[in-house]
There are 2 protein chains.
Amino acid sequence: MTISKDDVRERIEDMGHEVAEKIKKEKKPTIKIPVRSLSNIQFNEEDELLELGDKKSTRSFMNINQSRKFMQTMLVSNFCKELLEEDLHTSLRDMYYALKRNIGGTSENTFEDQSESDPVIVDIETATDVLREQLHLNADVRGRVVGNVVIKDRGDEVNWGKLGSGGWSIPSNLEEISFKSVDADYVLAVEKNAAFERMHEDKFWEDENCILVTSQGQAARGVRRLLNRLSREHNLPVYIMTDADAYGWYIYSVIKWGSMNLAHVSNRLGTPNAKYLGLTISDIEEYGLEKYTIKAKKSDVKRAKELKDYPWFKKEEWQEELDLMLEKGYKAELEALSSRGLKFITEEYLPKKIEEKDFLP
Amino acid sequence: MTISKDDVRERIEDMGHEVAEKIKKEKKPTIKIPVRSLSNIQFNEEDELLELGDKKSTRSFMNINQSRKFMQTMLVSNFCKELLEEDLHTSLRDMYYALKRNIGGTSENTFEDQSESDPVIVDIETATDVLREQLHLNADVRGRVVGNVVIKDRGDEVNWGKLGSGGWSIPSNLEEISFKSVDADYVLAVEKNAAFERMHEDKFWEDENCILVTSQGQAARGVRRLLNRLSREHNLPVYIMTDADAYGWYIYSVIKWGSMNLAHVSNRLGTPNAKYLGLTISDIEEYGLEKYTIKAKKSDVKRAKELKDYPWFKKEEWQEELDLMLEKGYKAELEALSSRGLKFITEEYLPKKIEEKDFLP
C-alpha cells in the first residue's frame, strides 16, 4: 500500500515520458485517465469499498475539445514533479496562483479559476494511483487525536498522550508520519468536538486504553487516512460515533466505505472494518431521550431514503435503523445524552455499548 | 487580570446570595446586568479597546416580561456553580440539553431552544466579569500554534516546537494553562492555514525566533485569548496577516480592538498592541500581483465603507488603505504571493516587512 517518494516521482515522470515519446515519434500526444463518472464507480461487496472500474478515457492534445485540459494536466504534473524534487508541500489554492499566467502571445490564461485546476489534480491522483498528499498537495486540516501513541513526524517524536487539553492536530498529510509505538485496544472517532472534550476530560481514553479522535464534522482526508492506517497497519477496531441523523450516517459511510468523489482512493482513505457505535434511533427510546429529539425536516427524510437505497446501506441492521428514523420522524444530537448528566456518555453509555458490542455494521 | 477559581465561584455564589437575601427579606428578587446594546458600547481611545459603559439593567423575577429570563439566569448560574464544584467543563450545546426540561405542573419548558440559553451565559459572563471559559463553558476550537514555547496543561509539559507537522491545537480554554518558557521575539498570526504550513515547512519560526499561529479563518476565542496572554504576560509584539479584503481586516480588528458582541471581555480577548503586517492593497502594486487580484463585489465595497466609519479604523494609514481598495476596486488573497514562487512569502515578503517595520497600526 505504501509507496516510496521515489516511486511517486517515477509515476509522474512516466506520464511525461510517455507524452514525450509520442511527440518524438510524431504521434499525437495523449494520456490515459481512469473514468471517474458514476458509470465507472462500483461497490466492491467483498472489500466493502467504493472503487473505480477499469474504464479509461484518453485525453488528446490534438483534440480541440481536450487540448486546454491536456495543457493544464501537463502544467500540474510538472508542478507536482517540482514539489517532489524540492521537497515542498503546498495547497491547491497556492498551486492555482503559482500556475496561473498568461499564455504568451494569446489572450488566454493557463487557468481562469481554481475550479479548473482542482479537477486536474484528481485526474493525476487517479492516473498515477497515488494520494494527492503524496504529490505534496495538502488538503484542509481539521480534527484532533489523543491516546497512548508515539509518532515520528519531521524528526520530532510526538506522544499523543502528553499534549494537555489540546491534543494533536491531525494534518492533511500523514504519508511521512511513522508510528513508533501504538498502545490501544481500539479507536473511537466522534463527529463532535464537545463529546471528544468530555471523553478527554474524563480520561476515557486512559481508562479504556483507546485512541480518541474527533473529526469536527465531516471527516477531512487526514482523519480518514489516520483511521485507515490505524486499522490496517495496527489491526485496531474502529468505532464511529455521530449524531443520529442522515448527515451523521453519511460521515460514517464516507469513513467506512469511501465516497463517490474519491472512489479512486477508497483503499487508502476508507476503513471497511469500522463499526457504528451510536447515536442510534433505538438509543433514543432506550435512554428516554424522546424529549430531546429534533423533528426530521423534509431534507432529512429525503436523505435517509437515499441512504436506504445505497448498496452499502443494504444490510438489515441499517435498513431497520433508517426505517425506524422514517417511522419516528425524528433525529437527535450526541449532546442529547447530556440530558442524563454530563458524564452519562463516558460512565454509562459508552462502556455498555462497547462491552455488549452493540454496533451497527 | 487573572482571577482564581475560588474567586470565580465566589462571584457566582454572590449573585445567588443577593437574590436569596432579597427573598428572605420579602423583597422582589432582582439581579443587575450590564447593558450590552450598542448604546452602552464605547471605543476607549486610550486603551484602544471596545468596552462596555456603566449602564446596568435590572432583571426582576416579579416582572412578568422578565420572570422567564430570570428563572433561566438562575438555572444557568447554578449549572456553572456545579461545573466549578465538580471541576467539569462542557459546551453551550451540552448545557442547553442538560438544563432543558419541563417545568413541573405546567406546559412550559425551561428552555425551548439553544438561542434562549446562549445569551444567558453572556449575561452571567458580563455580570460576574469573568470569561465563560472560567465558568467552564468551552467554545469551539480552531487554530494551531508552533514555536519555542513550553507550556503546562493538565499536568503535561508540551513543547510547541516539538510537535512535527501538526503543531499544537489551540483549545477554547486557556485559563488553566501556564507558560513554563517562552523564547520568541514576536508572534505572527496568519488567517490562512496554507500560509502557516508554508512558514512551518520553511522553518520560518525557527529562523526568525517567533511564535507562529494560524486562526484558520475568523479567530476563535482561544486564539484571541492566546494572543492576548502572549502580548500582555510576555510583552511580545503581535503581527497579523490576513487576505487583503474587508473580511481579513475585520479579523484583524477583532483580534486587536475586540468585537461589539464581546465588548465586555475585550480586555481579555483583545490585543491592542497588535499590528497589521499584510496583505495590503499597496503590496499588490509593489509586488506586481495585479493579475492575481479579485474584483471587489458590492458587498466588499459596502463592508470597506463601514470599516472606514468605525472610530478604530480612523487612523490615517487605515483610511488610506481603505480608500485605495475602493479606488482600485480589487482585493487579493494571501495565496496570490505564491504567483511569485512558493517560498516568496518566507524568503522575501515577510523578512522585508518585518525588518522595515512596514505595518499598519
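Within the stretch A:36-78, the set of residues being of a type outside the set (A, V, I, L, M, F, W, C) and closer than 30 Å to A:L88 by Cβ comprises A:R36, A:R59, A:Q66, A:S67, A:R68, A:K69, A:Q72, A:T73, A:S77, A:N78. All conditions but one from (1) open to solvent by less than 10 Å² (accessible area, probe 1.4 Å); (2) at pLDDT below 95 apply to A:A194; the one that does not is (1). Determine whether the stretch B:93-100 contains at least one residue that is acidic (D, E), without any contact (Cβ under 8 Å) to a residue 12 or more places away in the chain, closer than 24 Å to A:K291 by Cα and surrounded by fewer than 18 Cβ atoms within 10 Å (Cβ to Cβ). Checked against the condition, which is being acidic (D, E), without any contact (Cβ under 8 Å) to a residue 12 or more places away in the chain, closer than 24 Å to A:K291 by Cα and surrounded by fewer than 18 Cβ atoms within 10 Å (Cβ to Cβ), the stretch B:93-100 yields no hits at all. Can we say A:S107 is more than 14 Å from chain B (Cβ to nearest Cβ), of a type in the set (G, A, S) and surrounded by fewer than 16 Cβ atoms within 10 Å (Cβ to Cβ)? Taking the combined requirement at face value, the residue does not satisfy it.
Close contacts from the stretch A:165-180, counting a first residue that is facing chain B (nearest Cβ under 7 Å) and part of a strand (DSSP E or B) and a second that is of a type outside the set (V, I, T) and surrounded by fewer than 23 Cβ atoms within 10 Å (Cβ to Cβ), with Cβ to Cβ under 6 Å and a gap of 6+ residues or different chains, come to A:W168/A:W160.
With respect to the conditions (1) under 24 Å from the mean Cα position of the chain (by Cα); (2) open to solvent by 60 Å² or more (accessible area, probe 1.4 Å), A:D6 falls short on a single one, namely (1).
Let's see how each residue does on (1) within 14 Å of chain A (Cβ to nearest Cβ); (2) of a type in the set (F, W, Y):
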| site | (1), (2) |
| --- | --- |
| B:W312 | no, yes |
| B:E333 | yes, no |
| B:L337 | yes, no |
| B:T346 | yes, no |
| B:E356 | no, no |
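B:D129 falls short on exactly one of the conditions (1) more than 24 Å from A:A194 (Cβ to Cβ); (2) within 14 Å of chain A (Cβ to nearest Cβ); (3) open to solvent by 40 Å² or more (accessible area, probe 1.4 Å), and that condition is (2).
Just to be sure, is B:V187 away from every other protein chain (no Cβ under 13 Å) and touching a residue at least 40 places away in the same chain (Cβ under 8 Å)?
On the way: away from every other protein chain (no Cβ under 13 Å): yes; touching a residue at least 40 places away in the same chain (Cβ under 8 Å): yes.
Yes: the conditions hold for B:V187.
A count restricted to the stretch B:221-260 and to residues that are touching a residue at least 60 places away in the same chain (Cβ under 8 Å) and part of a loop (DSSP other than H, G, I, E, B) stands at 6. Just so you know, in the stretch A:15-67 the residues that are assigned to a strand (DSSP E or B) and open to solvent by 50 Å² or more (accessible area, probe 1.4 Å) include one that is farthest from A:P119 (Cα to Cα), and it is A:Q42. Restricting the search to helices (runs of 4 or more DSSP H) fully inside the stretch B:275-361 and requiring at least 3 residues that are open to solvent by less than 70 Å² (accessible area, probe 1.4 Å) and among the small types (G, A, S) gives an empty result. Would you mind stating whether A:Q114 is under 30 Å from A:L188 (Cβ atoms), polar (S, T, N, Q) and either open to solvent by less than 50 Å² (accessible area, probe 1.4 Å) or away from chain B (no Cβ under 14 Å) (or both)? Taking the combined requirement at face value, the residue does not satisfy it. Restricting attention to the stretch B:68-92, the residues that are surrounded by 15 or more Cβ atoms within 10 Å (Cβ to Cβ), more than 9 Å from chain A (Cβ to nearest Cβ) and of a type in the set (S, T, N, Q) total 3.
On the stretch given as the stretch A:35-88, residues that are under 17 Å from A:W257 (Cα atoms) and touching a helix residue (DSSP H, G or I) at 6+ places or on another chain (Cβ under 9 Å) total 14.
With the condition kept exactly as written, say whether any residue in the stretch A:116-131 is hydrophobic (A, V, I, L, M, F, W, C), under 30 Å from A:S181 (Cβ atoms) and touching a Phe, Trp or Tyr at 6+ places or on another chain (Cβ under 7 Å). No, because not a single residue in the stretch A:116-131 is hydrophobic (A, V, I, L, M, F, W, C), under 30 Å from A:S181 (Cβ atoms) and touching a Phe, Trp or Tyr at 6+ places or on another chain (Cβ under 7 Å). Looking across the stretch A:101-143, the residues that are in contact with a helix residue (DSSP H, G or I) (Cβ under 7 Å, 6 or more places away or on another chain), in a helix (DSSP H, G or I) and touching a residue at least 60 places away in the same chain (Cβ under 8 Å) come down to A:D123, A:I124, A:E125, A:T126, A:A127, A:T128. The set of residues in the stretch A:207-216 that are open to solvent by 20 Å² or more (accessible area, probe 1.4 Å) and in contact (Cβ under 8 Å) with a residue 60 or more places away in the chain comprises A:E208, A:N209, A:Q216.
What residue, of A:E317, A:E321, A:E327, A:E347, is free of Cβ contacts under 8 Å to residues at least 24 places away in the same chain and in the same structural domain as A:Y186 (by TED's automatic domain parsing)? Result of the check over A:E317, A:E321, A:E327, A:E347: A:E327.
Going by the structure shown, is B:L212 over 18 Å from the mean Cα position of the chain (by Cα) and in a strand (DSSP E or B)? Judged against the criteria, B:L212 is not a match.
Picking from residues in the stretch B:144-159 that are part of a loop (DSSP other than H, G, I, E, B) and modelled with pLDDT under 95, the one that is most open to solvent (accessible area, probe 1.4 Å) is B:R154.
The values are calculated or read from the model by the stated rules, or taken from the named source; none is laboratory data. Bear in mind the structure is a predicted one, so any value in this text is a computation, not a measurement. Every residue, glycine among them, receives a Cβ derived from its backbone with ideal geometry; neighbour counts consider all protein chains shown. Only protein heavy atoms, including side chains, enter the accessible area calculation; ligands, DNA and RNA are left aside. Shrake-Rupley method; radii C 1.70, N 1.55, O 1.52, S 1.80 Å.
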